[in-house]
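Beneath this line is the structure, given in structure tokens, with notes to follow.
We did not get these values from a lab; they are worked out from the coordinates using the rules stated. Since the structure is predicted, the reported quantities are computational estimates derived from the model, not experimental observations. Note that we place each Cβ from the backbone using ideal geometry, even for glycine, and neighbour counts take in every protein chain shown.
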Amino acid sequence: MRGCAMNLTTSITTTAGAALVVLLLSGCVGGSLDAKAPTGSEQTAPSVDEQTAPPADSTLAPERDAVIVVAGVDVDGLNVTVSGYIAGILEAGGECIYSFRGLSAETSVTATGEPDRSVTSCGTSQVPIDQFTKGTWEITMSYTALDGTVTTSLPTALEIP
């Protein structure tokens, strides 16, 4: 059989070979190169726009996430510095509250949210070290947006020496 295929291949010119391939392939796809329109029982794949576009009645808002970026005792030991931002919202005027909870005391500091590129920044705040006792403190940041929505960060541990 191999010799037969080689003899047949060598005797067909490039143009005739290409025509043969087209004929053979057309038989493999149903015998017709004509495209037919789908009938009522056939389904067509949705267009790219239909796949990626949200439903017309969608009111999806980006998920908000409060993130503490810095929380630590300053090098000079005089203050605790904290900063953070809220992803998923960009506005000026919301309220940021950094809350510090120790074993036997609590303190907090408030800042105003400001737009910063693609997030709302709560800026950097400082609390005098004398408001803290030695030990481990838990810090959270809460942001109250202008629409009243409150977003709270995961707690962060801070060790006061």
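Note on Glu95 and Arg117: their simple-model spin labels are 2.9 nm apart, each label 7 Å out from Cα toward Cβ.
Under a Cβ-Cβ cut-off of 15 Å, what is the net charge of the residues other than Thr149 that fall near it, where Lys and Arg count +1 and Asp and Glu count -1?
Residues near Thr149 contribute -4 overall.
Place a label point 7 angstrom from the Cα of Asp74 along the Cα-to-Cβ direction, then list the residues of segment 128-159 whose backbone nitrogen is under 14 Å away. Residues 128-131 fall inside that zone. Counting Lys and Arg as +1 and Asp and Glu as -1 over every other residue whose Cβ lies under 10 Å from the Cβ of Gly113, the net charge comes to -4.
What does the extension gain come out to for Val109 and Asp65, with contour length at 0.36 nm per residue minus their alpha carbon separation?
Details: separation 44, 0.36 × 44 = 15.84 nm, distance 1.95 nm.
Using 0.36 nm per residue and subtracting the Cα-Cα distance, I get 13.9 nm.
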